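A short worksheet on the structure shown next.
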């Protein structure tokens, strides 16, 4: 009777090792995906700040331009990667500025439709984004 039960504990031990190995692999996989998700969240926040820097640059250009002509405003520009310093360095920022005039009584008011796109690629927006592609777009209207 004893010979029939011989080797049963080794099968149980191998089964437990296989189950624990799969649990370990699942935990490592989950941890890796959480770290990647967290890194993408940080990159999204930095992309937002880079786009906001583009908007603030355009607002500065609008404020310091002559009020008489929209063509004097050079608020549309591109910032290549590493033009912005610090943690915003990896981002390319494209700032577009469309001026339009509006007449109120004897005054002409210029309205500027400004948008800034910040992304992690060299061309914003990217037609074939990479796996770690992050993009943020901000649009504002400025009046002078």
- Query: Within the bounds of region 35-46, is there any residue that is in contact with a strand residue (DSSP E or B) (Cβ under 8 Å, 6 or more places away or on another chain) and touching a residue at least 24 places away in the same chain (Cβ under 8 Å)?
  - Reply: yes
Restricting region 60-89 to residues that are in a helix (DSSP H, G or I) and surrounded by fewer than 17 Cβ atoms within 10 Å (Cβ to Cβ), the one modelled with the highest pLDDT turns out to be 60
Within region 47-63, residues being under 17 Å from the mean Cα position of the chain (by Cα) and more than 15 Å from residue 78 (Cβ to Cβ) number 4
If we keep only residues of region 133-144 that are over 30 Å from residue 102 (Cβ atoms) and in contact with a helix residue (DSSP H, G or I) (Cβ under 7 Å, 6 or more places away or on another chain), then the residue surrounded by the most Cβ atoms within 10 Å (Cβ to Cβ) is 134
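The values are calculated or read from the model by the stated rules, or taken from the named source; none is laboratory data. Only a predicted model underlies this, so the values are computations on that prediction, with no experimental measurement involved. Note: ideal-geometry Cβ built from the backbone for every residue, glycine included; neighbour counts use all protein chains shown.
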